[in-house]
């Protein structure tokens, strides 16, 4: 079902406000956490501090003795920070004003915990740069991209899955550690599961899994304490053009999701549905999601074509899951 004009306007407004809100937060994060005067041996010095990562003490740095230049720096800092805080307050007030209407419009939405996590990681510039959202949460981004609602029963479960969007020549082995530290800003109760190093879990049992592709896995062999698991097929999710979408959480607060190219995601789901040994319930869900997404792409996302150029990028195991279109070589080969 297509989204209504009112829903589309709501998504546009949510996206614009989110970008403005994120911009303010990023600017605030890049500023010193504070400045203050400190007396040492009867002489005043200007100090600044920046809050450190979770679990570490804040860093403090002297900017020198009190001079006219130091006073100017202190005044400029205060004025800029106050201006940014005013902007932040105004944007957040506008979001709180519109959130009930967005919820009433039933915009594509995810749960509150996932929303909080994704906003925190996005403010640290990790979403779309270090990780992509996979699993059923990605389907919500595809709903926005296709301006349509998928069928009932496609809602996300109580866990969140990421795949590292890092390839050879673009790999930072420290990313998993930084992801965990940033995640703890959203919820400090997250710890690595005793059952699996790829999973972190909070006090409520909410799980976040971190995956990677086989070619990148060797770079994370020493990753601690959160260690991504290498799974076959993850490399396919890094191909093509990722989808970037702003939707809302159940509180109506905007959230940004970066998900794989929907064509590769759909074909990957169909491939998973045929994997020997995969639990039946998961295979059924994979097939249902893959087929629903393929249909949405064909009907509403012609900017993601299933053409010969795309087919040429596919590994052989995925080509058999391509949708059959009239007059295509795939259709001729299967007739």
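Any read-out appearing in this document is the output of simple, stated calculations on the displayed coordinates, not a laboratory observation. Predicted model, so just to flag it, every value in this text is computed and none were measured. Cβ coordinates were reconstructed from backbone atoms using ideal geometry, including for glycine residues, and neighbour counts include every protein chain displayed.
Build a GNM of the chain with springs between Cα atoms under 10 Å: which of 123, 299, 69 gets the top mean-square fluctuation? Among 123, 299, 69, the largest GNM mean-square fluctuation belongs to 69.
In the chain, the longest principal axis of the Cα atoms and the axis of helix 280-300 are about 90 degrees apart. Values of log10 I(q)/I(0) for the chain across q = 0.12 Å⁻¹ run -0.93, by the Debye formula with one identical scatterer at each alpha carbon and no solvent. The long axis of helix 112-123 is offset from the longest Cα principal axis of the chain by roughly 60 degrees. Stretching residue 274 away from residue 9 to a fully extended chain increases their span by 91.5 nm, per 0.36 nm per residue minus the current alpha-carbon distance.
Here the residues 291, 241, ranked from fewest to most Cβ neighbours within 10 Å of their Cβ, fall in the order 241, 291.
Projected onto planes of every orientation and averaged, the convex hull of the alpha-carbon atoms in segment 177-289 covers 8.8 nm². Structure remark: mean-square fluctuation, Gaussian network model of the chain, C-alpha springs under 10 Å; the largest value among 231, 318, 211 belongs to 231. If the chain linking residue 50 and residue 19 were pulled fully straight, counting 0.36 nm for each residue of separation and taking away their Cα-Cα distance, it would gain 8.8 nm. Cβ-to-Cβ counts within 10 Å put 5, 286 in ascending order as 5, 286, the fewest first. Over segment 5-104, the pair-distance histogram of Cα-Cα distances with 10 Å bins from zero comes to 13, 31, 25, 17, 9, 4, 0 percent, rounded to whole numbers. With only Cα atoms counted, segment 157-234 has Rg and Dmax values of 12.1, 38 Å.
Computed as a quarter of the hull surface, the mean projected area of the alpha carbon convex hull for segment 71-114 stands at 4.3 nm². The DSSP beta bridges internal to the chain are antiparallel in roughly 75% of cases.
Taking other C-beta atoms within 10 Å as the exposure proxy, 163, 280 rank 280, 163 from fewest upward.
Note on residue 67 and residue 83: the extension gain reaches 3.3 nm, defined as 0.36 nm multiplied by sequence separation minus the Cα-Cα distance. Here the label points at residue 194 and residue 101, each 7 Å from Cα along the C-beta direction, are separated by 5.1 nm in the simple model.
Below 8 Å between Cα atoms, with a sequence gap of 6+, how large is the relative contact order for the chain in percent? Computed over the chain, the figure is 17 percent.
Note on the chain: with a GNM built from Cα contacts shorter than 10 Å, the maximum mean-square fluctuation among 94, 116, 283 falls on 94.
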